Amino acid sequence: MIKLENITHKFREKTVLKEINGSIDDGEVVAVIGENGSGKSTLLNILATFIKPTSGKVFYNSTDVFEKQENTKRFRELVSYISEKSTFIPELDLSENLLYFKTVFKSSKDILEIAKRVSIDDLLGKKPDKLSKGQRQRLALAVSMLKDAKIILLDEPAEGLDVETKQVVKDLVKEFKEKGCTVFYVTHDEDEVEEVCDKIIALKDGKVKFFGSVDELWRTYEKFYSVTFEIPESPGKKVTRIMNIDELKTAQESFRILHIRNLGLREIINISEGLNGRIG
Ligand SMILES: Nc1ncnc2c1ncn2[C@@H]1O[C@H](COP(=O)(O)OP(=O)(O)OP(=O)(O)O)[C@@H](O)[C@H]1O
């Protein structure tokens, strides 16, 4: 189990993570979502032990990860960090890179088998700088599969990935979960959250806007709709508002409703303050 206790992080005077709390069980996949600059990568970098939080604690089972250097080192061995920004050795081709990491991790896994699994087997003779963003992400996944990690930190690029990489990522996240790994998954894709994630940490300006199960999120917010309507005073002018079911009923009596749709995940996170106010 991973427990985050009041994690706060500052870069100089700027607070980029503020009192993050929560616990995640083994085998759970947590979607880390939020707008650009909301602190997602900083949270992953703390979990990867690349940076130490300014204050607060990370516990793995009951061990305080940053208390002693040996705790940090032992935790780091369990973690795999996957990102298109992951570092590879530029002078070596993909098969040599994989061989290098296989040696570092003292892995007995088969490089070709793993390369096939993430569809980079036809790229093994290329250098990393010749890869597309998606191919780099798949190479990073291959490296993570060489390591017997228990905690997977997966940072998906904001600009999105190609369809093939998306499918590979999705399948592997499911596989990591089945093996009992804990996965923190920075994703920008609602379908991926629905399909593979158990919990959601939604960040906004470094603060947690929502932390809970995917089911809980929908149970909380399913009663809200985005409603587009026309007001009698200005025919032809469209107005869109977030409404709960009672407001929708009232609006239906007074306005011509043009369309109604459920809120998307991103909208929920971005306007959750307003929604919380209504729910309270
Ligand atoms: N090394 C750093 N030094 C100073 N400020 C930083 C540093 N790294 C990140 N920041 C700032 O911290 C804030 C959070 O950044 P972070 O990269 O964690 O956000 P993010 O949610 O991952 O964003 P994105 O989706 O754009 O990757 C941003 O305002 C960013 O500019």
Name the pairs whose Cβ atoms lie under 7 Å apart, with the first residue in the stretch 151-169 and in contact (Cβ under 8 Å) with a residue 40 or more places away in the chain, the second near the ligand (Cβ under 10 Å from one of its atoms) and assigned to a helix (DSSP H, G or I), and 6 or more positions between them or separate chains?
Leu153/Leu44; Asp155/Ser41; Asp155/Leu44
Please find, among Lys249, Lys223, the residue that is at negative phi and exposed (fewer than 12 other Cβ atoms within 10 Å of the Cβ).
Lys249
Return the only residue of Val186, Val193, Val227 being away from the ligand (no atom under 16 Å from the Cβ) and either among the β-branched types (Val, Ile, Thr) or not assigned by TED's automatic domain parsing to the domain that holds Ser80 (or both).
Val227
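Quick one: in the stretch 53-70, which of the residues that are without any contact (Cβ under 8 Å) to a residue 40 or more places away in the chain and under 14 Å from Ile151 (Cβ atoms) is nearest to the chain's Cα centre (by Cα)?
Narrowing the stretch 53-70 to residues without any contact (Cβ under 8 Å) to a residue 40 or more places away in the chain: 62-70.
Subset that is under 14 Å from Ile151 (Cβ atoms): 63, 65.
Values: Thr63: 24, Val65: 21 Å.
Top of the filtered list is Val65.
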Can Ile24 be described as β-branched (Val, Ile, Thr), assigned by TED's automatic domain parsing to the domain that holds Val183, within 16 Å of the ligand (Cβ to nearest atom) and within 17 Å of the chain's Cα centre (by Cα)?
no
Sole exception among (1) within 25 Å of Leu172 (Cα to Cα); (2) within 15 Å of the ligand (Cβ to nearest atom); (3) crowded, with 18+ Cβ neighbours inside 10 Å for Phe50, by number:
(3)
Which residues, taken from the stretch 27-46, are more than 12 Å from the chain's Cα centre (by Cα) and away from the ligand (no atom under 12 Å from the Cβ)?
Gly27, Glu28
Condition (residue is crowded, with 16+ Cβ neighbours inside 10 Å, modelled with pLDDT of 85 or more and not assigned by TED's automatic domain parsing to the domain that holds Phe11) applied to the stretch 209-219: is it met by at least one residue?
no
From the list Leu203, Leu172, which one is surrounded by 19 or more Cβ atoms within 10 Å (Cβ to Cβ), part of a strand (DSSP E or B), assigned by TED's automatic domain parsing to the domain that holds Lys18 and in contact (Cβ under 8 Å) with a residue 24 or more places away in the chain?
Leu203
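Which of the residues that make up the stretch 206-238 are assigned to a helix (DSSP H, G or I) and among the charged types (D, E, K, R)?
Asp215, Glu216, Arg219
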Report yes if Glu113 is surrounded by fewer than 20 Cβ atoms within 10 Å (Cβ to Cβ) and either closer than 26 Å to Asp25 by Cα or in contact with a Ser or Thr (Cβ under 8 Å, 6 or more places away or on another chain) (or both), otherwise no.
no
Taking Asp215 as the residue in question, decide whether it is among the charged types (D, E, K, R) and within 16 Å of the ligand (Cβ to nearest atom).
no
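Looking at the stretch 66-92, which of its residues are of a type in the set (A, V, I, L, M, F, W, C) and farther than 16 Å from Thr182 by Cα?
So in the stretch 66-92, the residues of a type in the set (A, V, I, L, M, F, W, C) come out as 66, 75, 78-79, 82, 88-89, 92.
Scanning the stretch 66-92 gives Phe66, Phe88, Ile89, Leu92.
Only one residue in Lys3, Lys18, Lys57 is away from the ligand (no atom under 12 Å from the Cβ), among the charged types (D, E, K, R) and touching a Ser or Thr at 6+ places or on another chain (Cβ under 9 Å). Which one?
Details: Lys18 fails: away from the ligand (no atom under 12 Å from the Cβ); Lys57 fails: touching a Ser or Thr at 6+ places or on another chain (Cβ under 9 Å).
Criteria check complete, one pass: Lys3.
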Kindly check whether there is at least one residue in the stretch 116-129 that is in contact with an Asp or Glu (Cβ under 7 Å, 6 or more places away or on another chain), assigned by TED's automatic domain parsing to the domain that holds Thr42, surrounded by fewer than 17 Cβ atoms within 10 Å (Cβ to Cβ) and of a type in the set (D, E, K, R).
yes
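The values are calculated or read from the model by the stated rules, or taken from the named source; none is laboratory data. Quick caveat, the model's predicted, so the values are computed rather than measured. Reconstructed Cβ throughout: ideal geometry from the backbone, glycine too, with neighbour counts over all protein chains shown.
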